[in-house]
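I have placed the structure first, in the form of structure tokens, so that the comments after it can refer back to it.
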Amino acid sequence: MSVPYPRSDERRRMVDLQIAARGVRDPGVLAAMVEVPRHLFIPPPYDRDAYADAPLPIGNGQTISQPYIVALMTELLRPNPADSVLEIGAGSGYQAAILSLLVRKVTTIERIETVAARARANLAAVHADNVEIVYGDGTLGYPPSAPYNGILITAATPIIPEPLKAQLAEGGRLVAPVGSRSVQDLVVIERHGSQFPEENHGGVRFVPLIGEYGWSEE
Ligand code: SAM
């Protein structure tokens with residue numbers, strides 16, 4: 001992604017006023033949020049509002065998260081250049097594109113086939129070549145590319161699925177919205193052997209994680 005994409009002034013304002021102003025400090029995360037053209041991940045007419053301080057619809061009843069939440073979750077993951085990261089809930093592909101600039105390899109799983117296909121097209125358009133998109137139930141993780149140094153769940157989960165804990169590398173971090181279907185806490189766990197100490201980073205709202213270790217489809 002070396003070519004500067006249009007609307008870079010809007011992205012710089014977004015980073016200054018919505019993200020840095022709320023305390024996200026990681027320079028790599030802030031640079032990635034300036035670089036990735038969020039508007040290319042959002043279908044019309046909502047792409048007009050791509051740099052607003054809000055989640056937006058991406059079709060199939062799903063959403064792209066508020067920019068600040070994407071930045072905060074990415075910072076909480078503490079990404080390193082050599083890392084392999086798993087994302088559950090590819091959605092538009094935007095979060096995966098941000099991660100692709102910060103780590104060696106991103107695997108992202110999406111349970112709705114048409115959404116996964118759009119994510120694949122969006123990621124190809126920005127040449128995010130180190131992202132692998134998998135169609136399936138992300139609550140089971142993706143054993144072929146495990147273990148992961150970081151795991152990001154970008155949908156609301158009642159619990160942290162056991163298969164994901166098992167696929168986390170030693171010292172690896174998992175960031176997830178954990179709670180009810182309507183409101184959750186942003187939780188971080190870090191693997192130390194069989195121990196997973198937990199931090200809580202406050203209230204958030206995500207669409208539900210549907211799957212074997214998530215919510216049932218209603
Ligand atoms: N990270 C996305 C982005 O950057 O656009 C936004 C994710 S959106 C808030 C949540 C996504 O999780 C939806 O696309 C939904 O279909 C997906 N999802 C829900 N349950 C899932 C599961 N068990 N496995 C994989 N994806 C799931």
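The values are calculated or read from the model by the stated rules, or taken from the named source; none is laboratory data. All figures in this text were calculated on a predicted structure; none of them were measured in a lab. Every residue, glycine as well, gets a Cβ built from its backbone with ideal geometry; the counts of neighbours run over all protein chains shown. Accessible surface is based on the protein model in full, side chains and every heavy atom, while ligands, DNA and RNA are left aside. Shrake-Rupley method; radii C 1.70, N 1.55, O 1.52, S 1.80 Å.
Details
- Backbone phi angles across region 174-179, fed through the Karplus curve with coefficients 6.51, -1.76 and 1.60 (θ = phi - 60°), yield HN-Hα couplings of 10, 10, 7, x, 10, x Hz in residue order; Gly and Pro are listed as x.
- The shape of region 39-98 comes out prolate: with a ≥ b ≥ c from the C-alpha gyration tensor, a/c is at least 1.5 and a/b beats b/c.
- Looking at the chain, the DSSP beta bridges with both ends there are about 45 percent antiparallel.
- Angle between the chain longest axis and helix 113-125 axis [Cα atoms, degrees, rounded to 10]: 50 degrees
- Burial ranking of peptide ranges 31-42, 13-24 (average Cβ count within 10 Å, highest at the top): 31-42, 13-24
- Label-reachable residues, region 150-171, where backbone N falls under 17 Å from a point 7 Å from Ala31's Cα toward its Cβ: none
- Cα gyration tensor category, rounded, prolate or oblate, for region 79-163 with a/c compared to 1.5: oblate
- Alpha-carbon centroids, region 116-164 and region 7-29: separation in whole Å: 25 Å
- For Ala90, the amide hydrogen comes within under 5 Å of the amide hydrogens of Ile109, Glu110, Arg111, counting only partners 5 or more places away or on other chains and with H modelled in the peptide plane.
- Accessible surface computed residue by residue for region 41-180, with neighbouring protein chains in place and a 1.4 Å probe, gives 36 Å² per residue.
- Note: relative contact order over the chain, using C-alpha pairs below 8 Å and six or more positions apart, is 15 percent.
- Rg ratio for the chain: its Cα radius of gyration over 2.2 N^0.38 Å, N being its residue count, equals 0.93.
- Region 8-204 - percent of accessible surface contributed by carbon and sulfur, probe 1.4 Å: 53 percent
- Packing rank of 78-90, 56-68, where each peptide gets the mean count of other beta carbons within 10 Å, highest leading: 78-90, 56-68
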